[in-house]
Amino acid sequence: MNSSRSIRRWYFIHKWSSLFTTLFMLLACITGLPLIFSAEIDALKRALGNQVIAEEIDPSLEVSLDAMAKTARLNRPEANLQLLFQDDADPGVTSFAMGKQLDGPIGSSEFLRIENSTGDALGAFRTSDGIMGFLFLVHSELYAGVPGALFLGLVSLLLAASLISGIVLYSPFMRSRAFAVIRLDRGSRTKWFDLHNALGIVLAGWLLVVTVTGIINTLAAPITQFWLINDMQKIVDLDETPLPTNQKRFSSIDDAVAVAQGAVGAGRMLFVAMPGSELTSDRHYVVVFVGETPVTSRLYYGAIVNAYTGELIAAPQLPWYLAITLLSQPLHFGDYGGFPLKVIWLVFGIGSLVLLWSGLVLWWKKRTVEPVIERTRRGQLL
C-alpha cells in the first residue's frame, strides 16, 4: 500500500468511480433528505387536509373489511379490487387498490381510502401523487421502474468502491496530520482537499451502511415478487380443493384474515391480496401480517387461504433473503430509532452533499494524482 504504484491504482478506482456516481448520488441525497421525514410530512398533510387521523379506536366499532370492500367496489364499479392494506402511517384507514385490470401492476393502481370506523370513502391517491411520491420514485428508480432501480443498484456498487478506495487512501494522503484536520491557513484548493477527506473519513461508516442498504433496496421489488409468485405459488399449486359451482363468489375477507392470523400469530394485518391479482392465484387470498416490535414490524408473516372455502392452505416461513431485504429498508432512511435518529440521518445527509460537492470542486480544479503521490512519498503534503 505504501508504494506509489499501489496508491495510483487505488486513486484511479476512487477517481473514476466517484466521478461516475457523484451526480446520481447528489440527486439521491437531494431527493432522499425529505423522504427521511415522509411519515411526519404525510401526517401533517392529512391534518391540513382535514383527513381522518385516528388515535385510539375500539376494534369492535370498526366496519368489517367485507363491508369496506363492497364500498370500494361501489365507488369504483369500473375497476377491479386487487389488494387492501392498512398502513400504520395512515391510522384508522384501510386503502383499496383499484386497478383497470385485476392482474395488472398494483403499484400503478388508484388507492381508495376508507375510514375504518364509519366505512366512508375519504378519497383516492396514487403512489406517484404529490411531491413526496415524485421524490420517492426519483430516489428509488429514477422514474424508470425496475430498470431504473437496477441501474441505481449498479451506481451504488460503484459508490461502495469509491468509499472503500477513499478509506484506503486516507492514511497515505493525510500522513502525520491530525485526524480529520482542515488546514484553514492554507490555500483554497488545500481547504477543499482537507474538507473532502475529513467528511469522507467521518461519514465513511454511515455512507457504507446507507449504500449497502440502498443496493438491497433496489432489489426489494423483484425479491418480494419472487417470494410471492415463486415460493407462494408452489404452495398454491398443491391445493387440490374442488372449485365450487359459483366461482365468482368468494368467502369472507374478514374470516380469511382471522384464519391467517391464527396460523401466523403476528400482530397486525398489513395487506390482503385478492384472488386473481398479481400477488396470488385465481382461487386464494394471500394475507400478510407484520409484528409489533421494532424489528418484527418490518418483517412479513404470510398465510395462504382458499378464497372459496376459507380454509388455511399454508403459513410458510419468511425466507432469509426477504428478511434481510425488509430489515434494510427502514435502516436506509433512519426509520428505526424515531425522530432523533432521523435528525442524525438528516445531518449526515447534508454532510454527504458537501462531501460530494467538494469532490466535484477538486475534480474541476484539475487536481492530478502524480504531484500528490510524489509529495506524499516525500512526506510533504501539499
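The single condition among (1) surrounded by fewer than 15 Cβ atoms within 10 Å (Cβ to Cβ); (2) within 22 Å of residue 44 (Cβ to Cβ) that residue 127 does not meet is (1). Among the residues of segment 181-219, those identified as among the small types (Gly, Ala, Ser) and closer than 20 Å to residue 156 by Cβ are 200, 204, 205, 214. Each residue in segment 226-259 was checked for being farther than 12 Å from residue 307 by Cβ, in contact with a strand residue (DSSP E or B) (Cβ under 8 Å, 6 or more places away or on another chain) and either modelled with pLDDT of 75 or more or not in a helix (DSSP H, G or I) (or both), and 3 of them qualify. Residue 54 falls short on exactly one of the conditions (1) within 23 Å of the chain's Cα centre (by Cα); (2) modelled with pLDDT under 90; (3) surrounded by fewer than 18 Cβ atoms within 10 Å (Cβ to Cβ), and that condition is (1). Exactly one residue among 263, 221 is open to solvent by 20 Å² or more (accessible area, probe 1.4 Å), under 15 Å from residue 305 (Cβ atoms) and in a helix (DSSP H, G or I), and that residue is 263. Only strands (runs of 3 or more DSSP E) whose full extent lies in segment 267-382 are considered here, and the ones with at least 2 residues that are open to solvent by 40 Å² or more (accessible area, probe 1.4 Å) and modelled with pLDDT of 80 or more are 312-314.
So is residue 143 without any contact (Cβ under 8 Å) to a residue 60 or more places away in the chain and on the phi > 0 side of the Ramachandran plot or not? Here the answer is yes, as residue 143 does meet what is asked.
The values are calculated or read from the model by the stated rules, or taken from the named source; none is laboratory data. Not measured: the values here are computed from a predicted model. FYI the Cβ positions are ideal-geometry reconstructions off the backbone, even for glycines, and counts take in every protein chain you see. SASA here: full protein model, heavy atoms, side chains in, ligands and nucleic acids out. Shrake-Rupley method; radii C 1.70, N 1.55, O 1.52, S 1.80 Å.
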